[in-house]
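Engineer: Below is a structure I'd like to ask you about.
The values are calculated or read from the model by the stated rules, or taken from the named source; none is laboratory data. Remember, it's a predicted structure, so these values are computed and weren't measured experimentally. Backbone-built Cβ (ideal geometry, glycine too); neighbour counts: all protein chains shown. These accessible areas exclude ligands, DNA and RNA; they are computed on the full protein's heavy atoms, side chains included. Shrake-Rupley method; radii C 1.70, N 1.55, O 1.52, S 1.80 Å.
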Amino acid sequence: KDHPTAVAGMVASFHPTVRGIARAANLYSANGDDYATFAALDAAMDWGSSKAPILNNSFWAGNCGLSDTISNIDRHMDYLVRYNYDLAVVASGNFNVLSCDNVTPGTFVASPAKSYNALAVGNYFDQNTLDWSDDAMNASSSYNTSGMWKPEIAASGSAINSTIRWDPWTDNTGSGTSYAS
């Protein structure tokens, strides 16, 4: 799939010009790209936790940032962090401009970024200059407008080059909190 291939490249690519940030890391992909139920996502999270102490969760589940309600998948993420001692780095979601209903802006981070023990990551646009004065949050990056302060951190996630599934094997793969996380 395109999305997990790009995220994996950002983590562990050995390409000579588009390198991952942790090239020596062992990378396991549960590839939740096609999971349609919370049970399948929970199983993917459990499998990932059994393989590695650092989890990157670049998926959203549930209500697209329309509610601050903690869901079972958020609680499941909290469980993995608390009892398996994992570091969970979670995409905050891309619903600040339009949620998945394509009408309403999502004013909260998406699940599982709502979990108390996960490090939720927002997306800022690095203009690729030396100073920070022109950098800004990407307008679509989800954040909470009340309740818990989420995301806790932001990273460059706009106009990212990474690995793709066809020749020439790298390209601009787009933008999003998945890429920031």
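Engineer: Taking the range 1-45 on its own, how many of its residues are in contact (Cβ under 8 Å) with a residue 60 or more places away in the chain, surrounded by fewer than 17 Cβ atoms within 10 Å (Cβ to Cβ) and not in a loop (DSSP other than H, G, I, E, B)?
Structural biologist: Qualifying residue count for the region: 1.
Engineer: Then there's this: Restricting the range 124-170 to residues that are loosely packed, with under 15 Cβ neighbours inside 10 Å and at positive phi, which is modelled with the lowest pLDDT?
Structural biologist: The qualifying residue modelled with the lowest pLDDT is GLY147.
Engineer: Next question. Yes or no: VAL11 farther than 18 Å from ALA113 by Cα, more than 16 Å from the chain's Cα centre (by Cα) and among the β-branched types (Val, Ile, Thr)?
Structural biologist: no
Engineer: Also, quick follow-up: Considering only residues that are assigned to a helix (DSSP H, G or I) and either touching a residue at least 24 places away in the same chain (Cβ under 8 Å) or more than 22 Å from THR37 (Cβ to Cβ) (or both), which ones fall in the range 67-93?
Structural biologist: ASN72, ILE73, ASP74, ARG75, HIS76, MET77, ASP78, LEU80, VAL81, ARG82, TYR83, ASN84
Engineer: To continue, here is another question. Taking the residues in the range 46-63 that are among the polar types (S, T, N, Q) and assigned to a loop (DSSP other than H, G, I, E, B) as candidates, determine which candidate is most open to solvent (accessible area, probe 1.4 Å).
Structural biologist: Top of the filtered list is ASN63.
Engineer: For residues in the range 64-90 being at pLDDT 95 or above, out of contact with any strand residue (DSSP E or B) (no Cβ under 9 Å at 6 or more places or on another chain) and among the charged types (D, E, K, R), which is surrounded by the most Cβ atoms within 10 Å (Cβ to Cβ)?
Structural biologist: Per the criteria, the residue is ARG75.
Engineer: Continuing with the same structure: Of the residues SER58, SER99, which is polar (S, T, N, Q), in contact with a Pro (Cβ under 7 Å, 6 or more places away or on another chain) and at pLDDT below 90?
Structural biologist: None of the other options fit; the residue is SER99.
Engineer: A further question on this structure: Suppose we filter SER146, SER133, SER158 for residues that are assigned to a loop (DSSP other than H, G, I, E, B), more than 15 Å from the chain's Cα centre (by Cα) and without any contact (Cβ under 8 Å) to a residue 40 or more places away in the chain; which single one remains?
Structural biologist: Checking each option against the conditions leaves just SER133.
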